[in-house]
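Derivation of every value follows stated rules applied to the coordinates shown; laboratory data play no part. Predicted model, so just to flag it, every value in this text is computed and none were measured. Positions of Cβ are backbone-derived with ideal geometry, glycine not excepted, and every protein chain shown enters the neighbour counts.
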Amino acid sequence: MKCSKCRRDAVIFQRYSGLRLCRDHFIADVEAKAKREIRRQRWLATGDVIAVLLRGDLASAALLRFLVTAFGGRPDISVLALATDDGADTARQIARNLGVPYHEVTGGRDPETVAQDLGATKIAVETVLDDIALDVLVTALEGGADSLAGPRETEPSPLPRIAPFSTIPAEEVALYARLTLEHAVEAPAQASKGLGADARALLDDYTGRHPATKFALKNLRDELSAICRDSGGMR
């Protein structure tokens, strides 16, 4: 299988785009999509300090790597890494390799409060396309029209959140981590239960036959969110 752009060996076939991409073009594709979403959402501003909580999974490690690559050379934006006790050794090594200030959250403290105390202005979360698509589907199945326009926060956050990977499928984020990081490890998958498990199976099955499904669900949320902003809320 050859890359659609340069004819080198491809590492992935994107069914939704029809492209086969080699390592370099795949990495560039992921980073371009993440930057585009940051610009579209106007998530970053001069003076921002972005905190990334390393959770011992590929997605959060990949997110840190992307942010350092994209913004590490800018004097007006800073990136720092946080980690709890679980996976702290791996997180410390990843942060050291990337040249990022690293802090451990101990004593049961809330990581986002710690980030705020360290001067962070934004929290970068590892939300991927699959998470958003599943949330939209579950919300629709539950009849929660008021929640369709945006993610449902289970806990209040002291800092604004940004999700640069929200237009990128989970499998691509994981591959990006494996291709760009030496010490990233994959955390055990959290099993869904009840309606979430049924919705995930339904979504994955339908996406297998219609590859753009998850993008369509995210676009639906974005469009509803824009309507809500313009009209002052859903009725």
Name the shape class, rounded, prolate or oblate, that the alpha-carbon gyration tensor gives for segment 29-79, where a ≥ b ≥ c are the square roots of its eigenvalues, rounded holds for a/c under 1.5, and otherwise prolate holds if a/b is larger than b/c and oblate otherwise. oblate
Cα→Cβ-extended label distance, 7 Å offset, between Gln93 and Phe13, nm: 3.4
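Rounded to the nearest 0.05, what FRET efficiency is calculated for Lys5 and Leu179 with R0 set to 22 Å and r the Cβ-Cβ distance?
On the way: r = 16 Å, r/R0 = 0.74.
Using R0 = 22 Å, I get an efficiency of 0.85.
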Around Asp204, with a cut-off of 14 angstrom between Cβ atoms, what is the net charge of the other residues, counting Lys and Arg +1 and Asp and Glu -1? -1
Treating only the Cβ atoms of Lys and Arg (+1) and Asp and Glu (-1) as charged, compute the dipole magnitude of segment 1-142 about its Cα centre; round to the nearest 20 debye. 1100
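For the chain, what does the helix formula give at 222 nm: sum of -39500 (n - 2.57) over DSSP H segments with n ≥ 4, over the residue count, nearest 500 deg cm²/dmol?
For the chain, the value works out to -15000 deg cm²/dmol.
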